[in-house]
Amino acid sequence: MKVGPFNKRLRIEFQEFISIVATILTILLAFLDIEQIYRCYIGWLMLVSLILIYLYFWYRANNKRTCNLKINNTNITIKCGDIFKQSDIKIIAFNEFFDTQVDDNIIAANTVNGIYINKYSKGSKQLDEIIVNESRLQQNVIEKNVLRLFGGKTIRYKLGSICPNGEFFLLAFTRFDKNNRAYLSVEDYMLCLMYMWRELDRYYAGKDISLTLLGSGITRFNDRTIMNQELIEYILMSFKASKIKFNSSLSIILTDSVCNELNLYEIRGE
């Protein structure tokens, strides 16, 4: 149960509903001549109806799968879906090296990253050329000739850097440890998000933007355990703090399992 039966926001929403209903009934009863016995029947009927309506409100709050809000005057939608079926820009998280080797060692084939490379790109070779030839991305190189014991590229980019490739924007999102495992600190995560918003503001060209719940599932936070509810709050918090306004819509796309876990009812905008 994600939302308790006596949730404060739920009670406030129901009270607002009752106030509207009570006002309408008061006006109607003031002009209608109804015998006392029928007034009692109406009262009992209303009581039962209100209980059922409250249960419906409670059920709806616990099964909410879409959330619409506005931050920095930008329309944001949180919803279940497939990132690859969204229109316009789709952000795909890579590691800080922009590795493209899908071998279940560096990149797992069943991740969004792996699926994108195998099914939605023209292959790792072309991706490598795009990454190397993106002039603005090369300004974000922070280290070259990095020694990696288990293979992979040797150029490290700043977290939050973006490499456009048509409708897909490749994002340097996670650090890699010596065993090629993705990890981040909470500080890295927030700094990455803040820089990502700046990069998107440079590249998005007025198009709608979709991203996944970045950090969910595979990213190890080396200083604490982060729940998915916290991740989505961090994403929204960082966007608000960035003060950036998009002239298009921004969507956060959730998998079914994550959507069933998250409490979308408690998420608010400005």
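Structure values in brief
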| read-out | value |
| --- | --- |
| Of the criteria (1) open to solvent by 10 Å² or more (accessible area, probe 1.4 Å); (2) among the hydrophobic types (A, V, I, L, M, F, W, C); (3) more than 17 Å from Thr74 (Cβ to Cβ); (4) within 13 Å of the chain's Cα centre (by Cα), which one Leu264 fails | (1) |
| Contacts under 9 angstrom Cβ, first residue in the range 39-60 being in a helix (DSSP H, G or I), partner open to solvent by less than 60 Å² (accessible area, probe 1.4 Å) and among the hydroxyl-bearing types (Ser, Thr, Tyr), 6 or more apart | Arg60/Tyr265 |
| In the range 186-209, the residues that are within 26 Å of Ala108 (Cβ to Cβ), hydroxyl-bearing (Ser, Thr, Tyr) and either touching a His at 6+ places or on another chain (Cβ under 8 Å) or open to solvent by 20 Å² or more (accessible area, probe 1.4 Å) (or both) | Tyr195 |
| Residues located in the range 1-23, provided they are touching a residue at least 40 places away in the same chain (Cβ under 8 Å), open to solvent by 50 Å² or more (accessible area, probe 1.4 Å) and over 25 Å from the mean Cα position of the chain (by Cα) | Phe17 |
| Residues being over 12 Å from the mean Cα position of the chain (by Cα), within 20 Å of Ile83 (Cα to Cα) and open to solvent by 40 Å² or more (accessible area, probe 1.4 Å) - total across the range 210-230 | 2 |
| Selection count where residues are under 16 Å from Tyr203 (Cβ atoms), in contact (Cβ under 8 Å) with a residue 60 or more places away in the chain and in contact with a Leu (Cβ under 8 Å, 6 or more places away or on another chain), scope the range 132-161 | 1 |
| Single unsatisfied condition, Phe98 versus (1) open to solvent by less than 80 Å² (accessible area, probe 1.4 Å); (2) not in a loop (DSSP other than H, G, I, E, B) | (2) |
| Among residues of the range 61-95, those that are open to solvent by less than 70 Å² (accessible area, probe 1.4 Å), in a helix (DSSP H, G or I) and under 24 Å from Asn113 (Cβ atoms), counted | 2 |
| Strands (runs of 3 or more DSSP E) contained in the range 102-179 and holding at least 3 residues in contact with a strand residue (DSSP E or B) (Cβ under 6 Å, 6 or more places away or on another chain), at pLDDT 95 or above and open to solvent by less than 60 Å² (accessible area, probe 1.4 Å) | 168-176 |
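The values are calculated or read from the model by the stated rules, or taken from the named source; none is laboratory data. Predicted model, so just to flag it, every value in this text is computed and none were measured. Glycine also receives a Cβ, built like all others from the backbone with ideal geometry; neighbour counts cover every protein chain displayed. Protein only, heavy atoms only, side chains kept; ligands, DNA and RNA dropped before computing areas. Shrake-Rupley method; radii C 1.70, N 1.55, O 1.52, S 1.80 Å.
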